[in-house]
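In what follows, a single structure is set out as structure tokens and then discussed.
The values are calculated or read from the model by the stated rules, or taken from the named source; none is laboratory data. Bear in mind the structure is a predicted one, so any value in this text is a computation, not a measurement. Here Cβ is always computed from backbone atoms with ideal geometry, including for glycine, and neighbour counts include all displayed protein chains.
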Amino acid sequence: MKTILIANQKGGCGKTLVADELAFSFDRTDVKYSLYDLDGQGGIIHKPKVIDDADYAIVDTPGYIYDNLGELIQGADLIIIPTRTTYKDIPTLQTMLELIEQNGKSSDTMFIFNAWNRFNVAAAFEDWFKTVRDGRHVSIIPQSEEFAKAGMYGKSVVEYAPRSKAALMTCKTMNEIRLQIGLPQK
Ligand SMILES: Nc1ncnc2c1ncn2[C@@H]1O[C@H](COP(=O)(O)OP(=O)(O)OP(=O)(O)O)[C@@H](O)[C@H]1O
Ligand SMILES: [Mg+2]
């Protein structure tokens, strides 16, 4: 079983959105997975589940400091770091990257620039990110009200607003994740 850890101790950066959309992508393609909600404060659309014959585990994590993040990083096959892209997001991301490096997992990491729009990528963030990226993959999910609307109906944005930019970019991002974990594109 492969474990996909979705982590960034910055609150509200899109961890749960990514966990849900990945679970929706697996639902659509009959991938067997367990889903762990280590946050437990609600907000996730999918009901957490553990199944015996899971090929993947999706692990959604809290947006606050907790003790066992190092262990979780060590046990992960892929670490997805959703982040927003303002200068305020730099310190937490820096801490995350240091922890990942200490645990020898830098090359198993990918980034998602979430809630991206062309106004909120601060030059300070871009300049800093270039110095830490180290060739790792970056996917982009745009800022869109369609996510909130889809969520109200308990749906993936891909089903709720299939022609929207939000859906197209989400599909692309999910395919990029699938590629990293050895699943076919969908
Ligand atoms: N790309 C986006 N466009 C618009 N709204 C978004 C986007 N991504 C996330 N949001 C909204 O921002 C809020 C925070 O997102 P989410 O819950 O996924 O973050 P989180 O990292 O899991 O937060 P926490 O650290 O509190 O667990 C939610 O209301 C979500 O719907
Ligand atoms: Mg969350």
Filtered residues of the stretch 1-26 (kept if without any contact (Cβ under 8 Å) to a residue 60 or more places away in the chain, of a type in the set (A, V, I, L, M, F, W, C) and in a helix (DSSP H, G or I)): Ala19, Ala23, Phe26
Options Thr29, Thr109, Thr95: the member that is away from ligand 2 (no atom under 13 Å from the Cβ), in contact (Cβ under 8 Å) with a residue 12 or more places away in the chain and under 14 Å from the mean Cα position of the chain (by Cα): Thr109
Among the residues listed as Asp67, Asp52, Asp39, Asp89, the single one being closer than 20 Å to Lys2 by Cα and either crowded, with 19+ Cβ neighbours inside 10 Å or not hydroxyl-bearing (Ser, Thr, Tyr) (or both): Asp52
Count of residues meeting criterion [small (Gly, Ala, Ser) and more than 13 Å from ligand 2 (Cβ to nearest atom)] in the stretch 40-90: 5
Residue within the stretch 130-137 that is within 16 Å of ligand 1 (Cβ to nearest atom) and touching a residue at least 24 places away in the same chain (Cβ under 8 Å) present: no
Test: residue in the stretch 151-170 that is in contact with a Ser or Thr (Cβ under 9 Å, 6 or more places away or on another chain), surrounded by fewer than 16 Cβ atoms within 10 Å (Cβ to Cβ) and over 30 Å from Lys32 (Cβ atoms): yes
Within the stretch 46-67, tally of residues that are over 13 Å from the mean Cα position of the chain (by Cα), assigned to a loop (DSSP other than H, G, I, E, B) and modelled with pLDDT of 95 or more: 9
